[in-house]
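Enquirer: Structure provided below as structure tokens; questions to follow.
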Amino acid sequence: MGGLRPIDDLMFRVMARDKAFCGELLRVLLQDPGLEVVECKPQSAVTNPHGRSVVLDALCELSDGRLVDVEVQRADKGDLQRRVRYYASLVTADRTRPGTPFKDVPDVCVAFVCEFDPLGEGCSLYHVDRVVRETGESADNGLEELYVNALARDGDKVSALMRLFVEAEAYDEARFPETSRVKRRLRETEEGRKDMGSVIEEIREEIRAECIAEGIA
């Protein structure tokens, strides 16, 4: 486990249980120093009874009612932008009760933290916005898309935090105390290693259950 990093699914799955860590991460990614996380659910399942269901890496609810899905992605595969669209639609449907006026449909943000450059322009953070083609003005419908290039080193706060995500031995207690605290606990304490081991066993049980279900099918 010594080589695991926050951008690895296993470590992120454990770190996302910590509300203070999620708050610190989202304040940096959403560039909102006053942001507060009221709930965070790692491995949050959102279902589609008529199609593909998904398990989100971490679904966070903010104090202003926004929902933020944070995904860590190491491999450059699949269509990330369509995946974002699909994940956001499932979160929206899952958290919108029947009869809810459309003005009260929750705002949703999907943030992909990638160990590659997702849009190929060398930026540490990409915002994808809806824009009216004819006027160039923004048209906000409550969906926010963020793509993070965890390998960029452009000197800003996002890239500084991402160094802790991709470098196993990197810490920064001064700027990112919560990320450093949780990461150090998991990597350097017996209690943290036990937590990691328990998640490995959970994953094994999930795989067994999936194999059984596929065998029955």
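Enquirer: Among (1) within 16 Å of ARG5 (Cβ to Cβ); (2) open to solvent by 40 Å² or more (accessible area, probe 1.4 Å); (3) among the basic types (Lys, Arg); (4) modelled with pLDDT of 95 or more, there is one condition LYS183 misses while meeting the rest; what is its number?
Expert: (2)
Okay, residues lined up against (1) open to solvent by 10 Å² or more (accessible area, probe 1.4 Å); (2) touching a helix residue (DSSP H, G or I) at 6+ places or on another chain (Cβ under 6 Å):
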{"residue": "CYS22", "(1), (2)": "no, no"}
{"residue": "GLY34", "(1), (2)": "yes, no"}
{"residue": "VAL37", "(1), (2)": "yes, yes"}
{"residue": "LYS41", "(1), (2)": "yes, no"}
{"residue": "VAL46", "(1), (2)": "no, yes"}
{"residue": "GLU71", "(1), (2)": "no, no"}
{"residue": "ASP79", "(1), (2)": "yes, no"}
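Enquirer: Please go through segment 161-216 and give me each residue that is assigned to a helix (DSSP H, G or I) and in contact with a Ser or Thr (Cβ under 6 Å, 6 or more places away or on another chain), ordered by number.
Expert: LEU164, the sole residue that qualifies.
Enquirer: Checking SER198 against (1) modelled with pLDDT of 95 or more; (2) of a type in the set (Ser, Thr, Tyr); (3) open to solvent by 30 Å² or more (accessible area, probe 1.4 Å), which single condition isn't satisfied?
Expert: Result: SER198 fails condition (1) only.
Enquirer: Same structure again: Can you name every residue in segment 7-20 that is of a type outside the set (A, V, I, L, M) and either over 12 Å from the mean Cα position of the chain (by Cα) or in a loop (DSSP other than H, G, I, E, B) (or both)?
Expert: Answer for segment 7-20, where residues must be of a type outside the set (A, V, I, L, M) and either over 12 Å from the mean Cα position of the chain (by Cα) or in a loop (DSSP other than H, G, I, E, B) (or both): ASP8, ARG17, ASP18, LYS19.
Enquirer: Could you please tell me which pairs satisfy a Cβ distance under 8 Å, a separation of 6+ or placement on different chains, a first residue in segment 177-201 that is over 11 Å from MET15 (Cα atoms), and a second residue that is open to solvent by 40 Å² or more (accessible area, probe 1.4 Å) and modelled with pLDDT of 90 or more?
Expert: GLU191/ARG185
Enquirer: Same structure, new question: Tell me which residues, restricted to segment 83-99, are over 21 Å from ARG52 (Cβ atoms) and either part of a helix (DSSP H, G or I) or in contact (Cβ under 8 Å) with a residue 12 or more places away in the chain (or both).
Expert: Across segment 83-99, there are no qualifying residues.
Enquirer: Run down PHE176, PHE165, PHE102 and say which single residue is farther than 20 Å from VAL55 by Cα, exposed (fewer than 10 other Cβ atoms within 10 Å of the Cβ) and among the aromatic types (Phe, Trp, Tyr).
Expert: Selected residue: PHE102, the only one of PHE176, PHE165, PHE102 that is farther than 20 Å from VAL55 by Cα, exposed (fewer than 10 other Cβ atoms within 10 Å of the Cβ) and among the aromatic types (Phe, Trp, Tyr).
Enquirer: Restricting attention to segment 36-74, and to residues there that are aliphatic (A, V, I, L, M) and in contact (Cβ under 8 Å) with a residue 40 or more places away in the chain, which single residue is farthest from ASP18 (Cα to Cα)? Walk me through how you get there before you give the answer.
Expert: Here is the first cut: in segment 36-74, the ones aliphatic (A, V, I, L, M) are 37-38, 45-46, 54-56, 58-59, 62, 67-68, 70, 72.
Retained after the next criterion (residues that are in contact (Cβ under 8 Å) with a residue 40 or more places away in the chain): 46, 58, 67-68, 70, 72.
Values: VAL46: 21, ALA58: 11, LEU67: 17, VAL68: 15, VAL70: 14, VAL72: 16 Å.
Going through the qualifying residues, I end up with VAL46.
The values are calculated or read from the model by the stated rules, or taken from the named source; none is laboratory data. Keep in mind that what you see is a predicted model, and the values were worked out from it rather than measured. Cβ sites come from the backbone with ideal geometry, for glycine too, and all protein chains shown count toward neighbours. Just the protein is used for accessible areas: all its heavy atoms, side chains included, with ligands, DNA and RNA removed. Shrake-Rupley method; radii C 1.70, N 1.55, O 1.52, S 1.80 Å.
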